[in-house]
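Notes for the one structure printed next.
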Amino acid sequence: MSIPAIEIQGVSKAFRRREREAGAPWWRRDWKDKVALHELDLIVQPGGVTGILGPNGSGKSTLIRILGTLLTPDTGTARVFGWDVVKEALQVRRHVNRVSVEAAFFKELSPWENMVYAARLYGSAGSGTRRRVVEILELLGLPLDVIDQPMKQLSRGQQQKVAIARSFLTAPSLLLMDEPTTGLDPRSKKEVQTVLETLRAEREITVLVCTHDMNEAEALCERVLMMDGGRVLADGRPAELCRIHGGATLEGVFMHLTGKTLEAEEPEEVAP
Amino acid sequence: MTVTVRHSEMGALLGFAERQLYVYKRYWVWEVVWLFYSVVSVLSIGFLASGLGTLGAGGESFDLRKAQLYLLVGALLWGYLSLVFMEAAYAIAWERWEGTIEYTFMAPVRRMTHLMGICLFAIGYGLARTFIVLLVAVAIFNIDFSHANVAGALLVLAASIVPLIGLAILTSVLPLLSPQKGEQMSFAVQGFMLLVSGVYYPLSVLPMPLQVAGAASPLTYALSGMRRSLLEGAGVGDQLPTVGILLAMGAALIPAGILVFSWAERRAKRLGLLKRSG
Ligand SMILES: Nc1ncnc2c1ncn2[C@@H]1O[C@H](COP(=O)(O)OP(=O)(O)O)[C@@H](O)[C@H]1O
Ligand SMILES: [Mg+2]
């Protein structure tokens with residue numbers, strides 16, 4: 001059998017924060033552990049789109065960050081194509097790219113300048129870079145006149161498409177997408193989803209996509225993990241999950257499992 | 001295999017420099033303003049020296065032109081050093097603001113390459129800008145370099161790059177250690193360097209504890225070495241001990257900087273201190 005794209009064993013993660021008890025004086029702040037991810041095991045075979053569904057604060061981004069070598073797990077091991085995310089981080093980084101909720105760009109620079117930077121970091125820059133960038137942007141339906149404008153002048157949807165284009169440019173084997181369509185208008189959302197569908201059909205690249213949009217997950221993912229409070233509650237094909245848990249839609253399954261709707265947010269204070 | 005790896009590390013090094021260039025291009029108005037400001041601050045130090053005579057400084061042994069050159073060298077070099085500091089120290093802090101820090105840290109690039117890319121660019125840029133200021137200062141103050149040994153001065157300048165890289169890496173760690181207070185700390189460190197490194201005065205005027213701190217600062221040796229060449233004509237041979245000290249300090253500071261940085265990076269990944277969102 002081939003090496004799994006993702007192999008997670010007993011990974012957990014908690015964050016320590018200093019917090020003030022309600023009513024305590026302002027100088028009294030105690031350390032508190034906030035568990036973002038309870039012990040987790042997961043294997044994802046190469047190819048295809050796997051979805052992680054869960055409300056805000058359920059630990060989706062934490063999982064993505066661990067796979068992207070941006071966070072070290074407290075316990076357990078995580079491997080990407082057989083490489084350990086802590087001990088062989090550099091190897092992992094060669095094969096992974098992340099598209100995150102907010103497009104991480106130098107906002108004063110143009111899409112082109114941002115993409116050249118990416119190509120250089122990933123060692124894929126060359127004389128054909130400009131042509132490839134144009135090709136990918138066209139594929140994503142981005143008007144070509146934005147390519148040399150500062151990023152900050154682009155709409156959210158356009159920025160998100162540039163983010164996806166940038167990840168294609170570096171040719172990752174594992175693409176981590178953290179809520180790629182959150183906050184997009186319906187049309188951009190549709191376009192991004194079409195791109196994901198193409199990816200799913202090609203199967204050359206393994207995609208892990210986080211979302212709290214149940215319909216999106218249903219339409220795009222061949223496998224769905226439902227998360228809540230840092231735990232995986234369900235794992236399977238969308239249709240399968242509906243059958244087992246007796247829901248007409250994934251939304252219904254989630255309700256059945258947690259008694260909550262997806263829109264309900266975990267109480268969370270934003271770190272400064 | 002190793003060849004391609006090294007090739008892409010070089011590409012990444014270039015990538016960091018190129019990114020900075022693009023940024024400066026966008027912010028060119030600011031760059032012009034900063035340059036203007038550097039010129040003004042060096043000129044005002046020069047004029048301050050010109051005015052010392054009328055303020056009653058003087059006596060037989062007072063050599064106004066020498067005092068002026070002494071101060072100008074200090075002002076020019078400090079302009080260069082503080083610029084490199086700022087650029088390197090802010091490289092991390094700035095990526096945090098921009099929200100790109102996770103992207104950059106996720107790239108398949110050795111941290112060493114990343115830090116070197118930032119520092120080398122900062123140094124190149126600092127030298128270029130200081131050279132322009134120098135030209136203006138020379139034109140306005142008719143600086144007399146007849147006693148100067150330019151080769152000696154350049155040698156010290158080149159050697160000072162090595163410990164400077166180490167210092168710059170060490171300061172750039174601060175924003176990684178504390179997202180909230182790191183940048184302020186970088187400022188404080190820079191200010192302290194200005195105080196103890198003998199930028200505008202000989203160390204001997206400082207209280208003893210500050211003199212000790214000054215003796216530990218590589219900038220002290222860079223400044224005094226440059227002055228000896230520019231004011232007293234110390235040649236390449238005379239500068240070898242200074243060069244030795246600078247290189248030795250660099251040999252300690254660069255590995256220390258990289259070690260501290262990778263420790264800070266591991267810590268940040270454990271505690272979740274890289275910028276978080278979503
Ligand atoms: N860097 C961090 N520092 C402190 N707490 C964090 C950090 N990242 C995530 N958390 C906490 O961990 C929990 C899970 O967060 P996250 O993985 O971002 O959830 P999701 O992406 O599903 O919304 C939340 O309670 C969040 O506040
Ligand atoms: Mg998230």
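Numbers for the structure displayed
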{"item": "Hits in the stretch A:97-121 - residues which are open to solvent by 30 Å² or more (accessible area, probe 1.4 Å) and out of contact with any Gly (no Cβ under 7 Å at 6 or more places or on another chain)", "result": "A:Lys107, A:Glu108, A:Trp112"}
{"item": "One residue from A:Asp41, A:Asp33 being farther than 20 Å from A:Gly68 by Cβ and free of Cβ contacts under 8 Å to residues at least 60 places away in the same chain", "result": "A:Asp33"}
{"item": "Failed item, numbered, when A:Arg93 is tested on (1) more than 23 Å from A:Gln158 (Cβ to Cβ); (2) in contact with a strand residue (DSSP E or B) (Cβ under 8 Å, 6 or more places away or on another chain)", "result": "(2)"}
{"item": "Verdict on A:Ala14 being more than 16 Å from ligand 2 (Cβ to nearest atom), more than 13 Å from every other protein chain (Cβ to nearest Cβ) and either surrounded by 22 or more Cβ atoms within 10 Å (Cβ to Cβ) or in contact (Cβ under 8 Å) with a residue 12 or more places away in the chain (or both)", "result": "no"}
{"item": "Boolean, A:Leu37 is open to solvent by less than 60 Å² (accessible area, probe 1.4 Å), touching a Phe, Trp or Tyr at 6+ places or on another chain (Cβ under 7 Å) and within 16 Å of ligand 2 (Cβ to nearest atom)", "result": "no"}
{"item": "Tally, over the stretch B:259-278, of residues that are of a type in the set (Gly, Ala, Ser) and either within 16 Å of ligand 2 (Cβ to nearest atom) or open to solvent by 40 Å² or more (accessible area, probe 1.4 Å) (or both)", "result": "3"}
{"item": "Only listed residue being within 16 Å of ligand 2 (Cβ to nearest atom) and buried (at least 23 other Cβ atoms within 10 Å of the Cβ), chosen from A:Ile66, A:Ile8", "result": "A:Ile66"}
{"item": "Qualifying residue in the stretch B:66-82 (condition: in contact with an Asp or Glu (Cβ under 7 Å, 6 or more places away or on another chain) and surrounded by fewer than 19 Cβ atoms within 10 Å (Cβ to Cβ))", "result": "no"}
{"item": "Residue in the stretch B:124-137 that is in contact with a Phe, Trp or Tyr (Cβ under 6 Å, 6 or more places away or on another chain), more than 16 Å from B:Val236 (Cα to Cα) and either not in a helix (DSSP H, G or I) or not polar (S, T, N, Q) (or both) present", "result": "yes"}
{"item": "Of all residues in the stretch A:37-73 being within 9 Å of another protein chain (Cβ to nearest Cβ) and small (Gly, Ala, Ser), the one that is nearest to ligand 1 (Cβ to nearest atom)", "result": "A:Ser61"}
{"item": "Output for the stretch B:86-109, where each listed residue is among the charged types (D, E, K, R) and at the interface with chain A (Cβ under 7 Å from one of its Cβ atoms)", "result": "B:Glu98, B:Glu102"}
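This table checks each residue for (1) hydrophobic (A, V, I, L, M, F, W, C); (2) within 14 Å of another protein chain (Cβ to nearest Cβ).
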{"position": "A:Leu109", "(1), (2)": "yes, yes"}
{"position": "A:Glu113", "(1), (2)": "no, yes"}
{"position": "A:Val146", "(1), (2)": "yes, no"}
{"position": "A:Pro150", "(1), (2)": "no, yes"}
{"position": "A:Gly157", "(1), (2)": "no, no"}
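The values are calculated or read from the model by the stated rules, or taken from the named source; none is laboratory data. Treat the numbers as computed from the prediction; the structure is a model and nothing was measured. Please note: Cβ atoms are built from the backbone with ideal geometry, for glycine as well, and neighbour counts cover all protein chains shown. Side chains included, ligands, DNA and RNA excluded: accessible areas come from the protein's heavy atoms. Shrake-Rupley method; radii C 1.70, N 1.55, O 1.52, S 1.80 Å.
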